[in-house]
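Quick one: this structure, given as structure tokens, is what I'll be asking you about.
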Amino acid sequence: VRVVREDAEVFWRKEAVVRLATLRYGVPDAAGEVVERDVRSERIADEALSAAAGQDPDASVRRLAVWAALNVTPKNYAGMEHRFQ
């Protein structure tokens, strides 16, 4: 979250955008069978991604954040077990 909000380098903010887009839905385990869910962390990731989409000073970061929010979905997570903390 700090990287997407504060890093001076566009490259690292874009990397953070992609990671936040996936973290909005939990973190899969190494085997890809269980998704560990933490609603608070997911909400924080979603809010940071939304802020990047609307407020990043670089247009390419804003476009990537919008694209990531629309295209990185939990579709492939559907078959995994979800464990809430």
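The values are calculated or read from the model by the stated rules, or taken from the named source; none is laboratory data. Since the structure is predicted, the reported quantities are computational estimates derived from the model, not experimental observations. Methodologically, a virtual Cβ is constructed for each residue, glycine included, from the backbone with ideal geometry; neighbour enumeration extends over all protein chains shown. Each accessible area value is taken on the protein alone, full model and side chains, heavy atoms only, with ligands, DNA and RNA left out. Shrake-Rupley method; radii C 1.70, N 1.55, O 1.52, S 1.80 Å.
Residues in segment 3-13: is at least one at pLDDT 85 or above and either assigned to a strand (DSSP E or B) or hydroxyl-bearing (Ser, Thr, Tyr) (or both)? Show your work before the answer.
Here is the first cut: in segment 3-13, the ones at pLDDT 85 or above are 3-13.
Within this subset, residues satisfying the condition of being either assigned to a strand (DSSP E or B) or hydroxyl-bearing (Ser, Thr, Tyr) (or both) are none.
No.
Now for a different question. Go through the residues of segment 65-80 one by one and say whether even a single one is modelled with pLDDT of 95 or more and among the basic types (Lys, Arg). Break it down into steps so the answer makes sense when it comes.
Restricting attention to segment 65-80, the residues satisfying the condition of being modelled with pLDDT of 95 or more are 65-66.
Subset that is among the basic types (Lys, Arg): none.
No: segment 65-80 contains no residue that is modelled with pLDDT of 95 or more and among the basic types (Lys, Arg).
Quick test for you: out of Val4, Val10, Val34, pick the one residue that is β-branched (Val, Ile, Thr), open to solvent by less than 30 Å² (accessible area, probe 1.4 Å) and in contact with an Asp or Glu (Cβ under 6 Å, 6 or more places away or on another chain).
Values: Val4 fails: in contact with an Asp or Glu (Cβ under 6 Å, 6 or more places away or on another chain); Val10 fails: open to solvent by less than 30 Å² (accessible area, probe 1.4 Å).
Going through Val4, Val10, Val34 in turn, the sole match is Val34.
Still on this structure, please answer the following. Looking at (1) among the small types (Gly, Ala, Ser); (2) closer than 21 Å to Phe84 by Cβ; (3) open to solvent by 30 Å² or more (accessible area, probe 1.4 Å); (4) part of a helix (DSSP H, G or I), which is the one condition that is false for Ala48?
Only one criterion is unmet by Ala48, namely (3).
Let me ask something additional. When you go through (1) among the basic types (Lys, Arg); (2) open to solvent by 90 Å² or more (accessible area, probe 1.4 Å); (3) touching a helix residue (DSSP H, G or I) at 6+ places or on another chain (Cβ under 7 Å) one by one for Arg83, which number turns out not to apply?
(3)
Consider Leu64 against the criteria (1) more than 10 Å from the chain's Cα centre (by Cα); (2) open to solvent by 60 Å² or more (accessible area, probe 1.4 Å): it satisfies all of them except one. Which criterion is unmet?
Just one mismatch for Leu64, condition (2).
When Tyr25 is evaluated against the numbered criteria (1) touching a helix residue (DSSP H, G or I) at 6+ places or on another chain (Cβ under 8 Å); (2) in a helix (DSSP H, G or I), which criterion, by number, is the only one it fails?
Against the list (1) touching a helix residue (DSSP H, G or I) at 6+ places or on another chain (Cβ under 8 Å); (2) in a helix (DSSP H, G or I), Tyr25 comes up short only on (2).
Yes/no matrix, rows are residues, columns are (1) assigned to a helix (DSSP H, G or I); (2) surrounded by 16 or more Cβ atoms within 10 Å (Cβ to Cβ):
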{"position": "Arg43", "(1), (2)": "yes, no"}
{"position": "Ala53", "(1), (2)": "yes, yes"}
{"position": "Pro57", "(1), (2)": "no, no"}
{"position": "Ala69", "(1), (2)": "yes, yes"}
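Restricting to segment 16-30, and then to whatever is modelled with pLDDT under 85 and open to solvent by 70 Å² or more (accessible area, probe 1.4 Å), can you tell me which residue is nearest to Arg5 (Cα to Cα)?
Val27
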